Amino acid sequence: MARIGLLVPSSNTTVEPEIYRALPAGVTLHTARLFLTQIEPDSILGMVGELETQGRNLASADVDVIVLGATAPSFLKGLGYDREVTARIEAATGKPATTTSTALIDALAFLGVSRVVLGSAYDETVNAITRNFLEASGIEVLAAHGLGIVDNLTVGRLDVSSAHELALEIDRPDAEALVLACTNWKTMDVIERLEDELAKPVLSTTQVSLWAALRMVGEAGGLSGYGQLLRAASPHDADVPSPS
């Protein structure tokens, strides 16, 4: 039995049920909450102040890995901040850790993707921070569009159709993949449909968080229904885009 520890924003009502439904047999999910109600820089910065306390709470459940399952808090200060956050969690808990942002960059590299279109639930400020982090990490962002939402509970109440509709609206033929950002935004149930419609990988920040955690506990690949990333045990198993 493998145990995944997940640190989530306190007002996030989506990431836990989405990950829980997708977990393979023999893997369990355990969570702790970091206070956040508004998706804006000052609130996000305050949230990461609780990393050590809540990380230690998770570690006491003898989890095998700890994931900061929140997108904006793991790239707020730009390139390298995700690694800094990971180091803080590991130092406080003695457990291997990662973040949603780290997982996203690793997943794009795994699939051989370097050009994306970004869709998010965020407002222009946080969307720009997201774009800058991706570009500083070597990913070309051809376009970035957000829904303009700051209140995190509002994001969690959106129907999954909002992710599907935005994805179809913003996709570009020269994008190798589409990224949907915000772990409180319902995305998991439309990834497979979007990949069929767009003929390219679709990565959501909830999906990549689960992918990274499963890899860390030795459960990578073979998970159907949530896109090619979770199906693939190796890059050769994925329908990766051709270089152009």
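The values are calculated or read from the model by the stated rules, or taken from the named source; none is laboratory data. Just so it is clear, the structure is predicted and the values come from calculations on it, not from any experiment. Because the Cβ atoms are built from the backbone with ideal geometry, glycine has one as well, and the counts that use them run over all protein chains shown. These area figures cover heavy atoms from the full protein model, side chains too; ligands, DNA and RNA do not enter into them. Shrake-Rupley method; radii C 1.70, N 1.55, O 1.52, S 1.80 Å.
What the table shows:
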read-out: Relative contact order of region 11-136, pairs being alpha-carbon contacts under 8 Å that are 6 or more residues apart, as %; value: 23
read-out: Loop trypsin sites (Lys or Arg not before Pro), region 164-221, which have at most 10 other Cβ atoms in a 10 Å radius of their Cβ (DSSP); value: none
read-out: Relative packing of 74-83, 102-111, 45-54, which averages over residues the other C-beta atoms within 10 Å, highest first; value: 102-111, 74-83, 45-54
read-out: Computed E for ARG83/SER234 - FRET, C-beta separation, R0 22 angstrom, nearest 0.05; value: 0.35
read-out: Protection proxy ranking of 22-33, 120-131 - average other beta-carbon atoms within 10 Å, highest first; value: 120-131, 22-33
read-out: Karplus-derived 3J(HN,Hα), 6.51/-1.76/1.60, for each residue of region 224-235, Hz, glycine and proline x; value: 9, x, 10, x, 5, 4, 7, 6, 8, 7, 9, x
read-out: Where only alpha carbons of region 155-244 are counted, the Rg and the Dmax (Å); value: 13.0, 39
read-out: Near-label residues of region 12-30 by backbone N, under 14 Å of a point 7 Å along Cα→Cβ of ASP151; value: none
read-out: Charge dipole magnitude, Cβ of K and R +1, D and E -1 - region 112-244, Cα centre, debye nearest 20; value: 300
read-out: Considering only the chain, percent of DSSP beta bridges that pair antiparallel, nearest 5; value: 5
read-out: Scaled radius of gyration (Cα, divided by 2.2 N^0.38 Å) that region 1-146 gives; value: 1.03
read-out: Derived scalar couplings ³J(HN,Hα) [region 11-22; Karplus, 6.51 cos²θ - 1.76 cosθ + 1.60; whole Hz; x for Gly, Pro]; value: 8, 7, 10, 10, 4, 5, x, 5, 5, 4, 5, 8
read-out: Nearest-20 debye value, the chain charge dipole, Cβ charges on Lys, Arg, Asp, Glu; value: 560
read-out: Charge tally in the Cβ shell below 9 Å around LEU142, where Lys, Arg are +1 and Asp, Glu are -1, LEU142 excluded; value: 0
read-out: Protein accessible area in the chain, 1.4 Å probe - carbon and sulfur %; value: 49
read-out: Positive-pole candidate from THR130, LEU210, PRO96, dipole of region 88-235, charges at beta carbon; value: PRO96
